[in-house]
1. Answer yes or no: is there a residue in the range 112-132 that is closer than 30 Å to Asp162 by Cα, aromatic (Phe, Trp, Tyr) and either open to solvent by 60 Å² or more (accessible area, probe 1.4 Å) or in contact (Cβ under 8 Å) with a residue 40 or more places away in the chain (or both).
2. When you scan the range 17-42, how many residues do you find that are assigned to a helix (DSSP H, G or I), open to solvent by 30 Å² or more (accessible area, probe 1.4 Å) and at pLDDT below 90?
3. Could you give every pair whose Cβ atoms fall below 7 Å, whose first residue belongs to the range 1-16 and is under 15 Å from Lys36 (Cβ atoms), and whose second residue is open to solvent by 100 Å² or more (accessible area, probe 1.4 Å), counting only separations of at least 6 or pairs across chains?
4. Being over 20 Å from the mean Cα position of the chain (by Cα), open to solvent by 40 Å² or more (accessible area, probe 1.4 Å) and more than 30 Å from His66 (Cβ to Cβ) narrows it down to one residue among Arg79, Arg159, Arg135, Arg139; which is it?
5. Can you name the number of the only condition in (1) surrounded by 12 or more Cβ atoms within 10 Å (Cβ to Cβ); (2) within 16 Å of the chain's Cα centre (by Cα); (3) at pLDDT below 95 that Leu72 fails?
Amino acid sequence: QQLTEEANTRGLHLLHERLRMMDAAAAARIHPNDQKRIIRALEVAQQTGKGERPVDQTRASRYNVHQFGLALARDELYRRIEARVDAMIAAGLVDEVRGLLAKGCGAGLISMKGLGYAQIALYLRGEIGFEEAVRRLKRDTRRFAKRQLTWFRADPRIRWIDIDQVGGPPGAAQLVLGEWRSA
């Protein structure tokens, strides 16, 4: 909170400069306008006395790692997302968010900005109707899934398996087990 207030009063550029002095590698990786990451990196540096450490690639390379991604046709993925949202609503998401709001968990908390919580909180505060909240939750979840796919598809270590081409989840499981056994 103190760092956020400092960024608001003195400017984010000063925090980024402080980060550069404490952890030049982190400052080089973090955009000067990315307040959340600058503050997090400063917190880590202040609490540990050290900068953030990149993942130790030599340690990871000691293991024979296989990464798989399961791909679904987009229309099937979206159908499953919509069914999952409906199941979350039926399982009591509205009551869960109502309880959190009653306990003082406001919109400013990062946890309340998560998928489902943000949209249902808008409904419970009377800013949008229930149907609109559900529509936005489904839309935002589809967008999140699309961003995740874009992120993971950029990773060349992941071998993608088209669920439809291998006979569904059981076929994918057999393919993965076969590769694991032959490794």
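The values are calculated or read from the model by the stated rules, or taken from the named source; none is laboratory data. As the structure is a computational prediction, the values presented were derived from the model and not from experiment. Glycine gets a Cβ as well: all are built from the backbone with ideal geometry, and neighbour counts include every protein chain shown. Calculation scope for accessible area: heavy atoms of the full protein, side chains included, ligands and nucleic acids excluded. Shrake-Rupley method; radii C 1.70, N 1.55, O 1.52, S 1.80 Å.
1. So in the range 112-132, the residues closer than 30 Å to Asp162 by Cα come out as 114-116.
Imposing the further condition that a residue be aromatic (Phe, Trp, Tyr) reduces the set to none.
No, the range 112-132 contains no residue that is closer than 30 Å to Asp162 by Cα, aromatic (Phe, Trp, Tyr) and either open to solvent by 60 Å² or more (accessible area, probe 1.4 Å) or in contact (Cβ under 8 Å) with a residue 40 or more places away in the chain (or both).
2. Selection size over the range 17-42: 9.
3. Short answer, once both residue conditions are applied: Leu12/Asn33.
4. Arg135
5. Failing condition for Leu72: (2).
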